[in-house]
Amino acid sequence: MGAQTWRVGFRCFFLLALFGAARSEGVQTCQEVRKLFQWRLAGAVQGLPDSPQAGPDLQVCISKKPTCCTRKMEERYQIAARQDLQQVLQTSSSTLKLLISRNAAAFQETLETLLRQAENYTSILFCNTYRNMALEAATSIQEFFTDVGLYLFGADVNPEEFVNRFFDSLFPLVYNHLIDPGVTDSSLEYSECVRMAWKDISPFGNIPKRVRGQMGRSLLPSRTFLQALNLGIEVINTTEHLHFSKECGRALLRMQYCPHCQGLTLSKPCMGYCLNVARGCLAHMAELNPHWYAYIRSLEELSNAMHGTYDVEHVLLNFHLLVNDAVLQAHVNGHKLLEQVNKICGRPVRAPTQSPRCSFDPSKEKHGMKISVRNGEETLANRRKDFINSLRLHRLFYGGLADQLCANDLAAADGLPCWDGEELAQSYTQRVVGNGIKAQSGNPEVKVKGSDPVINQIIDKLKHIIQLLQVRSPKPDRWELLAPGSGGGVAEQASGDCDDEDEDGCEGSGRGEAGRAAETPRWMPDDMNLSDVEHIRQTDGDSVLDTAGSRRGAGTEAAPLALLGVLMALPVLW
């Protein structure tokens, strides 16, 4: 039975018990108490007294007056009191739990959508611009984005390895179709030699390093963000089902059901009394408060820092542009690469072949590989911002939980007669203690001993995730690409070449030669569909912005190749 249903039914029985409560000072019958007890405990119970009687065997609800309770009723009431508190806790945390769980699911679903869209972008690049190698590249593209997804969602895979593996498989295709097109070698040994040669001759320049840097800056924060949300759900689930001490159970019984034994079925505890009992029972839970506050603050800091190349959405949806740049760089340096491969691997035995071409099924293009325009208001960054704004309202949840329970559900309103633990009174006269374990030393209602191992375990987990959130929050000067469990090993630094923020320096020494080599038409592949290309430029003053988000001077040596990349691939994609 849910807390809401219980409260509605309970209020109905309050009305039924009104007459008995009105003459509670000299209660002559236990009829209302019997009805309420049987309803609350779902069924008739044998041995309920019809009229008040002495209760010498009671252990908690002790009274000098005749009582409507027996020892068995007291035991059942104590169980009910603990269940009531758990129900109220679940109701109080339901909004927070729903907020985190729904957003965790929504973020994961959005990331899955982004992965599919980024994979489609890359597949379309090959099918539109490099058709001869498209079918052979399909497996590598699929494996790359599968690995990205596995890493984002917590699998033990190494980002540096799957980035290297993608370019490792890309170079033989580029070599066979663009650098030495139209011929292949049947020797597996020669094919393997070509595949391994790319690491020595760097056909893609510093673009693989740039991809490793962008993946490191964006994937790890998003992975950590999802892990943190899942931990938040775990914390709430654990505290909802926390085991309460025997001392707490007795205090809850005295506060909630001992009044019934005197026929006071409508009474509610005084606010101060309720606070002492609730703060005593939830003292260990209140110890979570500073860590929960730091957890939400760290989530907010990480979310705020995830923008630009630190934003996984930006990186994934622009991955195909870097792939195109890599292919172009290898293509325009084809003569040099051909000589280097021949020197390393020897000359192949030439056997003309016809590679299968990628063909578009119009229906597939509409439904499976269509590039959609994303609404600027529905970006992942905006969704994170909305979520964090809502989550911030719950930063002090565990610190104020006891007060919230008494104010919303348990305690009597100000000015009304209330139960003070012994009788009806106008107010509670005992000292009211604060929240937390230390404050309970003077609690007159609940004795709190030691610490709770379950709460300690949750605190340790929160401390760990807070540290991860803070360490993995993007820094403007440096980012490390970490393998899962590496504990801080540096695989690649974003401060190296070809970061988006490096502007002109990103192009380095390779772009000048590449730009001049682009003037040589003999290396232009026959299947690039240049007739379909439109000229797109975005100008901002004296500079030209490429679609990958980098700003370059309009007159630099990098301009010819950057413009060539735009001309050859991008317009057909948009």
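The values are calculated or read from the model by the stated rules, or taken from the named source; none is laboratory data. Here the structure is a predicted model, which means the values were calculated and not measured. Positions of Cβ are generated from backbone atoms using ideal geometry, with glycine treated the same way; all protein chains shown enter the neighbour counts. Side chains are part of the model used for accessible areas, which takes the heavy atoms of the whole protein and leaves out ligands, DNA and RNA. Shrake-Rupley method; radii C 1.70, N 1.55, O 1.52, S 1.80 Å.
Table: residues versus (1) among the basic types (Lys, Arg); (2) without any contact (Cβ under 8 Å) to a residue 60 or more places away in the chain; (3) surrounded by 22 or more Cβ atoms within 10 Å (Cβ to Cβ).
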| site | (1), (2), (3) |
| --- | --- |
| Gln108 | no, no, no |
| Leu115 | no, no, no |
| Met133 | no, no, yes |
| Tyr151 | no, no, no |
| Arg165 | yes, yes, no |
Return yes or no: is Asn103 modelled with pLDDT of 95 or more, at negative phi and crowded, with 18+ Cβ neighbours inside 10 Å? yes
If Leu462 meets every condition in (1) assigned to a helix (DSSP H, G or I); (2) modelled with pLDDT under 95 apart from one, which number is that one? (2)
Selected residue (only one of Arg195, Arg223, Arg212 is in contact with a Pro (Cβ under 8 Å, 6 or more places away or on another chain) and under 30 Å from Arg297 (Cα atoms)): Arg212
With (1) in a helix (DSSP H, G or I); (2) more than 29 Å from Gly149 (Cα to Cα) as the list, and Arg217 as the residue in question, which single condition is left unmet? (2)
Check on Asp147, open to solvent by 10 Å² or more (accessible area, probe 1.4 Å), part of a loop (DSSP other than H, G, I, E, B) and charged (D, E, K, R): no
Residues that are under 21 Å from the mean Cα position of the chain (by Cα): find the helices (runs of 4 or more DSSP H) completely inside region 266-339 holding 3 or more of those. 289-305, 312-317
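How many of the residues making up region 153-163 are open to solvent by 80 Å² or more (accessible area, probe 1.4 Å) and in a helix (DSSP H, G or I)?
Number of matching residues: 1.
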In region 27-48, what residues are assigned to a loop (DSSP other than H, G, I, E, B), modelled with pLDDT of 75 or more and surrounded by fewer than 17 Cβ atoms within 10 Å (Cβ to Cβ)? Thr29
